[in-house]
Structure formats: C-alpha cells, structure tokens
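As structure tokens, the structure follows; a few thoughts come after it.
The values are calculated or read from the model by the stated rules, or taken from the named source; none is laboratory data. Fair warning: this is a prediction, and the values are worked out from it, not measured in the lab. Note that each Cβ is placed from the backbone with ideal geometry, even for glycine, and that neighbours are counted across all protein chains shown. Please note that ligands, DNA and RNA were not included when accessible areas were found on the heavy atoms of the full protein model with its side chains. Shrake-Rupley method; radii C 1.70, N 1.55, O 1.52, S 1.80 Å.
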Amino acid sequence: MSDPRITSSIFTRGAVDLSALRAPTPTSTPAQAGPPAGAPGGAVGGVTVIDVTEATFQSEVLERSLNTPVVIDFWAEWCEPCKQLSPVLERLAVEGGGAWVLAKIDVDANPRLAQMFRVQGIPMVYAVVGGQPVDAFSGVVPEAQLKQWIQAVLKAGGVALTEPADPRLDEADDALMTGDLDAAEQAYRKILADAPADAAAEAGLAQVGLARRVAGADPQSALAAAANPDDVDAQLLAADIEVLSGLAEQAYKRLVDTVRRTAGDDREKVRQHLIGLFTIAGPDDPAVASARRALASALF
C-alpha cells in the first residue's frame, strides 16, 4: 500500500478541506481526550511526539501549528514501511529540540482523518503550518532527504533550526588531532557519503590531505626550495607549510602567482591544490574570497 515516491505535487489532487474537523462550538472540548497543546503528550527524549485522534486534532495539530510547525505521520500497526520511517521521524523530532512537533495518526483508528487528507498509501507524512497543510510525501525516504524536507517545513514556518552537532564529526576531528589520519579520513568520508555537502567534513578531509603532504617535510628546507619559482612541487609544499604556520594569505598569493606563471597540466595541478586549501578555511573566510577573485583574474 505504500508508495516510495516523493509526491511533491500531492495538492494538485485537490485542496485538503479541514473545516469539518474544527470544533463546531466553543463549548465542545475535544482536547480533553488527549494531552493539551504544549503538554508533553507522548514525549520522547523531552520533545513532544503526540498520538492524535479526530477528537484531539484541532488542539494538537491545527491550533498548535499556529505557533509551531506540526508534522503528521499517518501510519498503521500492520504497515511494515511505517516501522522504518516512524522511528526516524521520532528521533529527528528529538534532535529538533522542540522546533517542530510530530503528530502520529493511526489510519485504522482514525479513518475520517485519513480520508480528509486524501491518504491513499502509508506511510504518509504531512506538514501543517499556520493551521494549513503546506507539503507532503508518501513512502520511506532516505534520512538525509527527510532532514532537508523538515528544514524546508521549518523555513516555511519561520523557524530557524540549528543542526545538532554530529558526534561522528567529533570522532573524526579527534582522530585527526591525534595523528590517526587513516581513521580520520575514513570517518570524514563516511559523513560525506551521507551528507555530500557537509562543509565541516569536507574541511576535515582536506586537512587530512594537508597533513599527509607535509609529513616528514622540513619547513625551512621546503621554503628555501620554493625560492625557485619554476619548481611547481616546491611551491605547493611551501604553500602547505605556510597554511599550517598561520600564513594562509601568503600561501594563497604564492599559488595564485604560480598559476599565472604556469600552463597546461601544471597550472591545473596548482589550481586544484589551491582550491583544496580554500576548503580547509571555508567559503566564509575573507581571505578565501579575496584569493578566489585573484585566482579568477589569473585564470581568465
């Protein structure tokens, strides 16, 4: 019954009409069937993960979403794919630190809710912001893709989410600091396999390469050899040593000047080396921005 595809155009099938699910009069008390909005509910790790029914839908989803984005997980006990997705959603809710709330709805116990949301297959996940559905998908998706989707939901809800620190990154950094370069490289590559755009892991991997290149080199001898401007390899090693010595701007200038003097394979070798040094510093470093402009000028 599950559909593994992301259904980004789900709302083209027709708007979700939630008006029938709102309390008909102020005297009705549907929220009493479950924990009140803002209460721990089915709290997992200190973050609210709520089991929602039709009786509690208004308070726990619609009203709550006016202040905090709510992600609805439509599931059923018999659904095997749900057993893959639901634990991941619950863990991400914990990691979100209260930035969003996970509302779990059993489709067998709440068929009217499933009908109102046009649920045709489960697991089915909806995001509700400001009392209205804003996005949805069905099926099991990779965790990295799920995180991106949640980030988009939070952005739609005006929430700025700080990504929790990845403990794997701390382990990789520790390995790098203790000189276990093989372990550090393996750890950084594993992070990048899950999150190819992880800037910290990219920088760490570039530092591993730098450490390997300067291993066993004598700084004074290396810098002396770089007095010959035509020795490309000497220029590369000298730039590495300058970066490690806190002279990154000097290293960048050295390699930009080398790009200007070289051509063909040598020029490309120097360019790639310089880009690798930029990765260590990160794109927000003013020296990197300046050096990138100088490199562009040297190339074109």
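By average Cβ neighbour count within 10 Å, what is the ranking of 257-266, 146-155 from highest down?
Descending mean neighbour count gives 146-155, 257-266.
So between A203 and R168, what do we pick up on full extension, going 0.36 nm a residue minus the alpha carbon distance? Let's see the in-between values first.
Numbers: separation 35, 0.36 × 35 = 12.60 nm, distance 1.43 nm.
Roughly 11.2 nm would be gained on extension.
If Lys and Arg each add +1 and Asp and Glu each add -1, what is the summed charge of the other residues whose beta carbon sits under 12 Å from the beta carbon of I105? If you can, show how the numbers build up before the last one.
On the way: positive: K104, R112; negative: D51, E54, E60, D73, D106, D108.
After counting each charged neighbour, the total is -4.
What Rg and what Dmax come out for the range 197-252 when only alpha-carbon atoms are used, in angstroms?
12.1, 38
Name the long-range amide H neighbours of A103: under 5 Å, sequence gap of 5 or more, or other chain; modelled H, no Pro or chain starts.
I50, V71, I72, D73
Considering only protein heavy atoms, what per residue accessible area in square angstrom results for the range 154-299 with a 1.4 angstrom probe?
Details: 8170 Å² over 146 residues.
Using a 1.4 Å probe on heavy atoms only, each residue of the range 154-299 averages 56 Å².
Suppose the chain between F300 and R260 were pulled fully straight at 0.36 nm per residue; how much longer would it get relative to their current alpha carbon spacing?
On the way: separation 40, 0.36 × 40 = 14.40 nm, distance 0.98 nm.
13.4 nm is the gain from fully extending F300 to R260.
Give me the accessible area per residue for the range 71-131, probe 1.4 Å, as a whole number in Å².
On the way: 2190 Å² over 61 residues.
Ligands and nucleic acids excluded, the result is 36 Å² per residue.
Give, as a single signed number, the net charge of other residues whose beta carbon lies under 13 Å from the beta carbon of L247, with Lys and Arg counted +1 and Asp and Glu -1. Present the calculation step by step, with values, prior to reporting the outcome.
On the way: positive: K253, R254; negative: D240, E242, E249.
Computed value for this residue: -1.
With θ set to phi - 60° and the Karplus curve 6.51 cos²θ - 1.76 cosθ + 1.60, what are the ³J(HN,Hα) couplings of the range 211-221 in order, to the nearest whole Hz, using x for Gly and Pro?
4, 5, 5, 9, 4, x, 7, 8, x, 5, 5
Measure off, as a whole percent, the carbon and sulfur share of the 1.4 Å-probe accessible area of the range 121-191, all protein chains present.
Working: 1880 of 3610 Å².
That fraction is 52 percent.
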